[in-house]
Amino acid sequence: MSRLPDLEHCAQEPIRIPGAIQPHGRMVVLSERGVLRAWSENWAGRDAAIDAVRRLDLDPASLPDTHSAPAAAGKLCIGDAWLDVLAHRSDDCIILEFESGRPEAGIQAPIYALARRFLPELQQAHTVLDLARLAAVEMKQLTGFGRALVYRFDNEGHGEVLAEVADPGYDRYLDHCFPASDIPMQARELYRLNHIRLIPDATYEPVALVAAEGGWKPRGLDMAFASLRSVSPVHLEYMRNMGTLASMSVSIVVK
């Protein structure tokens, strides 16, 4: 059966304003003055969301201008769980994202292995393909995913897999080409704006944002820079059809 109607829908879908998040984290939306506007349904109610914000003691003046990448806003311990907090502005809102974290890793942090092994190897690379292969190997080791690949868009949006490293049993896509319709223009633009996107579970059910004010609508909130933004159902179906049940994308932006 043709998937063209779904692809056309995906190209027009308002993917920046889904009004929902992925369930591996929690979200709170504040006004510029720190007044609660919305919280994700996976908080234990409005009071729990407000308590987390109070304990965070965020200074809005420390955040960059609107439509900038999220900044680290501290850590919280709720019960026995550590949460890492990211914050950024979106128009006249402040978006706080809470994800599972852990105490500092010290000298065991991945950046140390990166500096010891990967950076010297880069000096031995002489072509773009050499660099792509090294990047795929290193990202696979850093993340623990079963497959890592480097994918390049051409000027018309068509894609090509330049490098790939995969565990046994994974389908291989090295040198495969994909049409621009697979990743519509608005989705490619989000790769340029927001350089990291994680989807831990392609079978997830979105978690809606609950408005604290009667006249304010979560569906109008631009979540282009939100790490937890719920993604297009068409994209999730695409992942499942390819046997990819979790993914992380890291953008390499040239000029």
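The number of residues in the range 64-84 being surrounded by fewer than 16 Cβ atoms within 10 Å (Cβ to Cβ), of a type outside the set (Gly, Ala, Ser) and within 17 Å of the chain's Cα centre (by Cα) comes to 1. Of the residues in the range 85-99, at least one is open to solvent by 60 Å² or more (accessible area, probe 1.4 Å), in contact with a Ser or Thr (Cβ under 9 Å, 6 or more places away or on another chain), acidic (Asp, Glu) and under 30 Å from residue 219 (Cα atoms).
Taken over the range 44-61, the criterion of being open to solvent by 80 Å² or more (accessible area, probe 1.4 Å) and outside any loop (DSSP other than H, G, I, E, B) is satisfied by 46, 47, 54, 55, 61. Of all the listed residues (16, 102), the sole one being basic (Lys, Arg) and free of Cβ contacts under 8 Å to residues at least 40 places away in the same chain is 102. Being under 22 Å from the mean Cα position of the chain (by Cα), among the small types (Gly, Ala, Ser), surrounded by 14 or more Cβ atoms within 10 Å (Cβ to Cβ) and farther than 26 Å from residue 238 by Cβ, is that true of even one residue in the range 114-128? The answer is no, given that none of the residues of the range 114-128 is under 22 Å from the mean Cα position of the chain (by Cα), among the small types (Gly, Ala, Ser), surrounded by 14 or more Cβ atoms within 10 Å (Cβ to Cβ) and farther than 26 Å from residue 238 by Cβ. Look at (1) at pLDDT 95 or above; (2) touching a Pro at 6+ places or on another chain (Cβ under 9 Å); (3) open to solvent by less than 50 Å² (accessible area, probe 1.4 Å) and you find that residue 199 fails only one, number (2).
The values are calculated or read from the model by the stated rules, or taken from the named source; none is laboratory data. Please read all numbers here as calculations on a predicted model, not as lab measurements. Counting neighbours? That spans all protein chains shown, and the Cβs are built from the backbone with ideal geometry, glycine included. Accessible surface is based on the protein model in full, side chains and every heavy atom, while ligands, DNA and RNA are left aside. Shrake-Rupley method; radii C 1.70, N 1.55, O 1.52, S 1.80 Å.
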